[in-house]
Amino acid sequence: MTLQLTDCTYGYSRRNPPLIRDLSYELPDGLTILLGPNGAGKTTLLKLAASVLTPRTGSVKYGQLSGFTKEFRTKVSWMPQTIAPLPPLTVRQYVAYVGWLKGLGRRDAWDRAVRALDQVELAERADEKSHRLSGGQLRRMGLAAALVHDAEALLLDEPTAGLDPHQRRVFRDLLGALSPRVRVLMSTHDVADLAQEADHVTVLESGRILHSGPTRTFLAHGPRTTPDSQVAEAAYTALLTSAGADLD
């Protein structure tokens, strides 16, 4: 089974043109990076895929499971850009609470919370109040909450923002370990952020998909003379430039 969006159209106001129109997308195996400039519709796409938003037209499914059902949300997990702490709750309680909301029993959620926090190197802060965490630690707590119920598709909206280099490395290693068994779609503004380590790259511009395929086909859009350290940025720029020319 996989996550599928079929002919989805969405706009925040009916007075304005839709941000996304007639978009169809199927999440491939492994780790997929979602790239696009500000306003391209990346967050909207992720929210539609997570059934946080309802498309005006079209459908969102995981296999045969329709969005907005309990069964769908046990299979698909979403980590938003902003992780808001809950001051009364400890870090472990926060993660366990999310697991309970996703359908885990209380004891199971409590036990799994420790494992999820250990995955993101935050187990030592399990008993601290969630509002005492730094910005980077909050993001790791949010990731632990997204992982706690063993979802099969993981949607991450700018998860590496605010992480220091060591935390980013930990995050990359974690995604690498997850991707053989969990389909991951991760948006980012940093073109080089995981782009050459990902299995697939999807590029979104003005609510339409410019490219979706294996990383090697994405990188092939860059000029052959581009240094290896800059090839992801060059490929991304070439795709956006080509899209702009097509719209003229």
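Side notes on the structure shown:
- For the stretch 1-144, the alpha-carbon radius of gyration amounts to 1.17 times the rule-of-thumb value 2.2 N^0.38 Å expected for a compact globular protein.
- Counting charges near Asp108 (Lys, Arg +1; Asp, Glu -1) among other residues having Cβ under 12 Å from its Cβ returns a value of +3.
- For the stretch 135-200 versus the stretch 32-67, the gap between their alpha-carbon centres in whole angstrom: 18 Å
- Each stretch of four or more DSSP H residues adds -39500 (n - 2.57); spread over every residue of the chain, this sum gives -10500 deg cm²/dmol at 222 nm.
- When every Cα-Cα distance of the stretch 70-206 is counted in 5 angstrom steps from zero, the calculated P(r) takes the values 2, 11, 21, 24, 21, 12, 7, 2, 0 percent.
- Taking only protein heavy atoms and a 1.4 Å probe, the accessible area of the chain is 49% carbon and sulfur.
- Accessible area in square angstrom per residue, the chain, 1.4 angstrom probe: 48 Å²
- In the chain, excluding the sites themselves, the longest stretch lacking any of the chymotrypsin sites (Phe, Trp or Tyr not before Pro) that are in a DSSP loop with at most 13 other Cβ atoms within 10 Å is 69-248.
- For the chain, the longest principal axis of the Cα atoms and the long axis of helix 231-247 meet at an angle of about 60 degrees.
- Modelled spin labels at Asp190 and Ser59, positioned 7 Å past Cα toward Cβ, are 3.9 nm from each other.
- Percent of C-alpha pairs per 10 Å bin, the chain, short to long: 7, 30, 35, 21, 6, 1
- Net length gained if the chain between Glu121 and Tyr12 were fully extended (0.36 nm per residue, minus Cα distance): 35.5 nm
- Partners for Lys129 among aspartates and glutamates (Cα-Cα distance below 19 Å; same-chain residues under 8 apart left out): Asp111, Asp118, Glu121
- Qualifying lysines (Cα of each under 21 Å from Cα of Lys47; at least 8 residues distant if same chain): Lys61, Lys70, Lys75, Lys102
The values are calculated or read from the model by the stated rules, or taken from the named source; none is laboratory data. This structure is a prediction, so every number in the text was calculated from the model and none was measured. Note that we place each Cβ from the backbone using ideal geometry, even for glycine, and neighbour counts take in every protein chain shown. Surface accessibility is based on the protein's heavy atoms, side chains included, excluding ligands, DNA and RNA. Shrake-Rupley method; radii C 1.70, N 1.55, O 1.52, S 1.80 Å.
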